[in-house]
Amino acid sequence: MLGVMGAMKVEVHTVLDALESTSTLHTLGQEITRGEVAGAPVLVAQSGIGKVNAALAVAGLVQAGATQIVFTGMAGGVGTSIHIGDAVVATSLVQHDVDLTDFGYEIGRIPDEPLAWPADRTLVSALTAAATGLGATVHLGCIASGDQFIADRARAAAIAKLFDALAVEMEGAAAAQAAAHCGVPLAVLRWISDTADEASPTDSSAFNQRVGELDLGVVRAIVPALAGQV
């Protein structure tokens, strides 16, 4: 069964409103809604902001029966070719705020974990096709996550250079880490709401009006595409 995640209400409310035959369950502190899209069962969770919440939501979705997960929502663009309104589909995800360099580890590396977690290729293809079908310019590459809202041009440029990242946000890599431990494929699509600079708080808030419909469009597109696998 397909699990769908978003961190904030604005990122999932249109998906929740569009579900048919809904029921709600609570697990691991998460409220998860089960419903149908085009006759196919779907699980939807609003994780809350930050890496811990994202990991818990993944675990909750898996416990509720999700066999693959897509995470949609907003992010700041940090690549020079990334613009507001574009979509970034992660091919890999890294935690940019992890720093154990005093013990000889590279920035982003958690001991006994990979530096970056790969996204599932089948889900990446489905998300890419869905965003393209909505008319977005789609970029594939690394998304960097951390428990920080990046609104500093220099900091954004440093993250982009260090990890060859295209976007920054606060959940995706933790969700990918949790999914890897749960043995469940996951992919992340982020709509670029801002460019991780000093204007980002204003730009990101303005994009709130768009993200819900975009996420619903993605879900409606990928459910038929994944119908044979969910």
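The values are calculated or read from the model by the stated rules, or taken from the named source; none is laboratory data. It should be emphasised that the depicted structure is a prediction, and the values quoted were computed from it without experimental measurement. Positions of Cβ are generated from backbone atoms using ideal geometry, with glycine treated the same way; all protein chains shown enter the neighbour counts. Just the protein is used for accessible areas: all its heavy atoms, side chains included, with ligands, DNA and RNA removed. Shrake-Rupley method; radii C 1.70, N 1.55, O 1.52, S 1.80 Å.
Screening Arg109 against (1) at pLDDT 95 or above; (2) over 21 Å from Leu214 (Cα atoms); (3) within 19 Å of the chain's Cα centre (by Cα) leaves a single unmet condition, (3).
The set of residues in the range 93-107 being surrounded by fewer than 19 Cβ atoms within 10 Å (Cβ to Cβ) and part of a loop (DSSP other than H, G, I, E, B) consists of Asp97, Asp99, Leu100, Gly104, Tyr105, Glu106, Ile107.
Restrict the check to the range 163-180 and report whether at least one residue is at pLDDT 95 or above, in contact with a Cys (Cβ under 7 Å, 6 or more places away or on another chain) and at positive phi. Steps first, please.
In the first step, residues of the range 163-180 are kept if they are at pLDDT 95 or above; the result is 163-180.
Within this subset, residues satisfying the condition of being in contact with a Cys (Cβ under 7 Å, 6 or more places away or on another chain) are 163-166.
Then keep just the ones that are at positive phi; that gives 164.
The answer is yes; a qualifying residue exists.
Every condition in (1) under 12 Å from the mean Cα position of the chain (by Cα); (2) on the phi > 0 side of the Ramachandran plot is met by Gly104 except one, and the failing one is (1).
With Thr67, Thr33, Thr80, Thr14 as the choices, which residue is hydroxyl-bearing (Ser, Thr, Tyr) and crowded, with 19+ Cβ neighbours inside 10 Å?
Thr33
For the range 104-124, the set of residues classified as of a type in the set (Asp, Glu) and touching a residue at least 40 places away in the same chain (Cβ under 8 Å) consists of Glu113, Asp120, listed by residue number.
Among the residues making up the range 36-50, those that are crowded, with 18+ Cβ neighbours inside 10 Å and in a strand (DSSP E or B) are Val37, Val42, Leu43, Val44, Ala45, Gln46.
Could you please let me know if Ile143 is open to solvent by less than 10 Å² (accessible area, probe 1.4 Å) and on the phi < 0 side of the Ramachandran plot? Spell out how you get there, then give the answer.
On the way: open to solvent by less than 10 Å² (accessible area, probe 1.4 Å): yes; on the phi < 0 side of the Ramachandran plot: yes.
In short, yes.
Please go through the range 2-11 and pick out each residue that is open to solvent by less than 10 Å² (accessible area, probe 1.4 Å) and either among the hydrophobic types (A, V, I, L, M, F, W, C) or in contact with a Cys (Cβ under 9 Å, 6 or more places away or on another chain) (or both). Let's see the steps before the verdict.
Initial filter on the range 2-11 (open to solvent by less than 10 Å² (accessible area, probe 1.4 Å)): 2-7, 11.
Answer for the range 2-11, where residues must be open to solvent by less than 10 Å² (accessible area, probe 1.4 Å) and either among the hydrophobic types (A, V, I, L, M, F, W, C) or in contact with a Cys (Cβ under 9 Å, 6 or more places away or on another chain) (or both): Leu2, Val4, Met5, Ala7.
I want to confirm something. Restricting to the range 108-138 and keeping residues that are open to solvent by less than 50 Å² (accessible area, probe 1.4 Å) and of a type in the set (Val, Ile, Thr), which single residue is nearest to Ser81 (Cα to Cα)? Here the residue is Val138.
Is it fair to say Ala167 is open to solvent by less than 70 Å² (accessible area, probe 1.4 Å), more than 25 Å from Asp203 (Cβ to Cβ), of a type outside the set (Ser, Thr, Tyr) and outside any loop (DSSP other than H, G, I, E, B)? Steps first, answer last, please.
On the way: open to solvent by less than 70 Å² (accessible area, probe 1.4 Å): yes; more than 25 Å from Asp203 (Cβ to Cβ): no; of a type outside the set (Ser, Thr, Tyr): yes; outside any loop (DSSP other than H, G, I, E, B): yes.
The answer is no for Ala167.
The number of residues in the range 17-30 being open to solvent by 70 Å² or more (accessible area, probe 1.4 Å) and part of a helix (DSSP H, G or I) comes to 1.
Tell me, yes or no, whether the range 75-92 has at least one residue that is within 25 Å of Gly183 (Cα to Cα) and among the acidic types (Asp, Glu). Checked the range 75-92: no residue is within 25 Å of Gly183 (Cα to Cα) and among the acidic types (Asp, Glu). Given the condition at pLDDT 95 or above, among the small types (Gly, Ala, Ser) and in a helix (DSSP H, G or I), answer yes or no: does some residue in the range 182-196 qualify? There is no residue in the range 182-196 that is at pLDDT 95 or above, among the small types (Gly, Ala, Ser) and in a helix (DSSP H, G or I).
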